[in-house]
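Okay, so here's the structure we're looking at.
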Amino acid sequence: MRILVLTKPVPDPAAGAERLGPDFRLDRAASPTVVNGNDEYALEAALQLVEAQGGEVAILSMAPANAVETMRKALAMGALRGVLVTDPALEGADLPTTIRVLAAAAAAESFDLLLAGLDTSDGQGGAVAAGVAARLGLPLLSNAASIEPDVATGRVRVRRISAKGYDVIEAPMPAVVSCTQALGAPRYPSLKGIMAARSREIATRSLADLGDGLAPGGGAWATRVVGAEKPPARAAGRVVKAPPADAARELADFLADRRLI
Amino acid sequence: MPPLILAVGEVADGTLTRLSTEVATLARSLAEAAGGSAVGLVVDAAPDAAAAELAMYLPRVVAVASPDTAGEVWAPRAVAEVRRLVDEGVSHVVLGATADGRDAAGALVGLTGWGLLANADGAGWDGEGPVTVSSVLGGKAIVRSTLTAPAGIVTVRPGAVAAEPAAGAGAVESRQPAAEPATPAVPVLDRVSEAGAEASLEEARIVVVGGRGVGSPDGFGIVEDLAGLLGGVVGATRASVDAGWIAYARQIGQTGKVVKPALYLGLGVSGAMQHRVGMQSAGTIVAVNRDPDAPIAEVADLFVVGDLFEVGPALAAELRARRGA
């Protein structure tokens, strides 16, 4: 079983320092960088599948050149090698370009499963996995709460989270799976894993390596951010410290005033 | 050419989702502002009732009876119908930011190369194209975004606009499904319902959330009781999901769902940033927590310092008494 996991370096949400620069792009210098949370669930699921069935987990990122540091964290969890697509012409890339580039880079690898986080904590668009699957003509199994590949039949079965519970869905491999937290908590890298990651290969690819026409020239992206602001602060709320029955009455009055009951 | 804006509807249990009525209202208002026109689409095994409802909001609705969607994931079939309408002149596609809507939007971007304005909390027309407002970086910034081409895709969060029917009902046009899905079909072998998950969290007007303070699966009893009394839906935090007290499908926050209810009532919710990302744009936020320094106090309109197992039942009793009065 060969599994390729899309891992995006994102500003660490826990650090709380994410911000946009004056050009409304992410200020990458403002915040420490981590592997996107949902991608870590994907990576953990991939590692467990390979541990049970044999095979190899590789990671694929499209990011600035210094992303190798963040990718090493994913390698320390147990991925065997990485591919980093990096090119100055991809700075500020839009979604169609990101999808084209990741699809081209993935097509150059051989895999049974391509896993990705459901969305990323910075952009939160949640469309990359579906776009890459469509570009590659592969089935998309999204919102996965479990992943069960069957090497004998060449098919993969996924529990897809639905509004009511989950749907059991199935498709032939190779296939693309978008992954959720329901797959289980990612492991912490062991000291041995951190040491091993130092010598693992991260191959870098430029746009020229992947082929022509993947990105429009001159940053002519399909979308543009034209303004940014901080979210409006909520007005200071009321604090109630009273015995339960009194507090409940005050709470119910408050809801009634706002016509919520 | 004036824009032709497509609103893609979604069906749950045979009826149009509430978010679809908002998507349709937004598509119509964009078309009016642009001097263009709007059209709706319903793709379902039995689309007629939902298409008729969508036509309350739009001058024209295409209803595709697609028996395959009964036993397959929706997006590959729906995207095939969207692409047919694009071939017929649709310039902009508006979808709900749901699991199916995001899958369809991503596939459309992959197939067409069009730009995507994702997770709009509101949208207007700036003379050349749509301008959307959306929250990024876990709610730390609100950005205004546009398309640079005269075509593109928008996904819309629940509550971005208030649904408003058009002056008169539009025409419904039934058509046969496209022969092939736009991307490989994915069969659904089984659809499993989990207890307590019947109602959609994202569409709920009132959400009652149990956090770490709830303490156990049984502790969700008071959360469920209050949700029932308020006509709301039960939600959860990452802590209560990770503890295994409730299904992940109920989780609100960065790695869960983003909700925008009229009322958010949090019981034993500390208000970690990961959770606030998913609920801070609620109309009214009320929280009950023993810890007076819980971060949820920073966003709560009313913050009760108290034990949820005392205040919760007292509130339930108060609500029952008022209902009886």
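Readers should treat all values here as calculations from the given coordinates under stated rules, not as data from a laboratory. Just so it is clear, the model here is predicted, and its values are computed rather than measured. All Cβ positions, glycine included, derive from the backbone under ideal geometry; neighbour counts span all protein chains shown.
Peptide B:229-241 has a mean of 1 when you count, residue by residue, the C-beta atoms of other protein chains within 10 Å of its C-beta. Quick one: Debye curve from the alpha-carbon atoms of the stretch B:226-302 only, equal weights, vacuum; give me log10 I(q)/I(0) at q = 0.16 Å⁻¹ to two decimals. Log10 of I(q)/I(0), two decimals: -0.52.
After finding the eigenvalues of the alpha carbon gyration tensor for the stretch B:66-111, what semi-axes result from the square roots of 5 times each, listed largest first in whole Å?
Computed over the stretch B:66-111, the values are 17, 14, 8 Å.
Shown for the stretch B:59-214 is the translational diffusion coefficient from the Stokes-Einstein equation, using the Kirkwood radius over Cα pairs, a temperature of 25 °C and a viscosity of 0.890 mPa s: 137 µm²/s.
Assuming 1.002 mPa s and 20 °C, estimate D for the stretch A:139-192 with Stokes-Einstein, Rh taken as the Kirkwood radius over Cα pairs, in µm²/s. The Stokes-Einstein estimate is 177 µm²/s.
Please compute one quarter of the surface area of the Cα convex hull for the stretch A:65-120 and express it in square nanometres.
Numbers: hull surface 18.8 nm².
Across all orientations, the stretch A:65-120 yields a mean hull projection of 4.7 nm².
Taking the number of Cβ atoms within 10 Å of each Cβ as an exposure proxy, the fewest-first ranking of A:D12, A:D257 is A:D257, A:D12. If one takes the longest principal axis of the Cα atoms in chain A, at what angle in degrees, from 0 to 90 and to the nearest 10, does the Cα axis of helix A:37-53 lie? Roughly 50 degrees, rounded to the nearest 10. The dipole here belongs to the stretch B:205-325: it is taken about the Cα centre, uses +1 on the Cβ of Lys and Arg and -1 on the Cβ of Asp and Glu, and is about 460 debye. By the rule of a C-alpha distance below 22 Å, with chain neighbours fewer than 8 residues away ignored, the lysines paired with B:K257 are A:K8, A:K164, A:K230, B:K140. Excluding same-chain neighbours fewer than eight residues apart, the lysines reachable from A:K192 by a Cα-Cα span under 21 Å are A:K73. Amide H contacts for B:V188 (H built 1.01 Å from N in the peptide plane; partners 5 or more residues away or on another chain; cut-off under 5 Å): B:E72, B:V73. With the highest mean first, a sort of the peptides A:33-42, B:286-295 on other beta-carbon atoms found within 10 angstrom per residue produces A:33-42, B:286-295. Counting neighbouring beta carbons within 10 Å and listing from fewest to most, the residues A:K230, B:K140 come out as A:K230, B:K140.
With Cα atoms as the point set, the stretch A:1-154 shows a radius of gyration and Dmax of 15.2, 54 Å. Put in order of Cβ neighbour count within 10 Å, fewest first, the listed residues A:L95, B:L95, A:L136 become A:L136, A:L95, B:L95.
Annotation: lysines with alpha-carbon distance below 28 angstrom to A:K241 (same-chain offsets under eight excluded): B:K260. Highest GNM mean-square fluctuation among A:P231, A:P174, A:P32, for chain A modelled with Cα contacts below 10 Å: A:P231.
With charges set only on the Cβ (+1 for Lys and Arg, -1 for Asp and Glu), what does the dipole of chain A come to about its Cα centre, in debye to the nearest 20?
Working: 28 positive and 29 negative charges, 85 e Å.
Using Cβ point charges on Lys, Arg, Asp and Glu, chain A gives about 400 debye.
Can you work out the PRE-style zone for B:A179? Point 7 Å along Cα to Cβ, and I want the residues of the stretch B:37-52 with backbone N under 17 Å. Nothing falls inside the zone, counting backbone N under 17 Å.
Cα convex hull of chain A: mean projected area in nm², to one decimal? Write down the numbers at each step before the final one.
Working: hull surface 76.0 nm².
Approximately 19.0 nm², given one-decimal rounding.
The Kirkwood radius of the stretch B:128-199, taken over pairs of alpha-carbon atoms, gives through the Stokes-Einstein law at 37 °C and 0.692 mPa s a diffusion coefficient of 182 µm² s⁻¹. On a 0 to 90° scale, report how tilted helix B:74-87 is relative to the longest principal axis of chain B, with both axes built from alpha carbons and the result rounded to the nearest 10. Tilt of helix B:74-87: around 40 degrees. Average partner chain C-beta neighbours within 10 Å, per residue of B:299-311? Rounded to a whole number, the mean comes out at 6.
Obtain the radius of gyration and the Kirkwood radius of the stretch B:152-297 from its C-alpha atoms and give Rg over Rh. Write out the running numbers ahead of the final one.
Working: Rg = 18.7 Å, Rh = 17.3 Å.
Result: Rg/Rh = 1.08.
The spread of Cα positions in chain B, taken along each principal axis and listed from longest to shortest, comes to 61, 42, 41 Å.
Assign one of three labels to the stretch B:9-99, namely rounded, prolate or oblate, based on the Cα gyration tensor with a ≥ b ≥ c the square roots of its eigenvalues; rounded applies when a/c is under 1.5, prolate when it is not and a/b is larger than b/c, and oblate otherwise. Prolate shape, in that a/c is at least 1.5 and a/b is the bigger ratio. For chain A, the longest principal axis of the Cα atoms and the long axis of helix A:95-107 meet at an angle of about 40 degrees. For the protein assembly as shown, the percent of C-alpha pairs falling in each 20 Å distance bin, counted from 0 to the bin holding the largest distance, reads 21, 54, 24, 1. Restricting the trypsin sites (Lys or Arg not before Pro) of the stretch A:22-93 to loop positions (DSSP other than H, G, I, E, B) with no more than 15 neighbouring Cβ atoms within 10 Å leaves A:R25.
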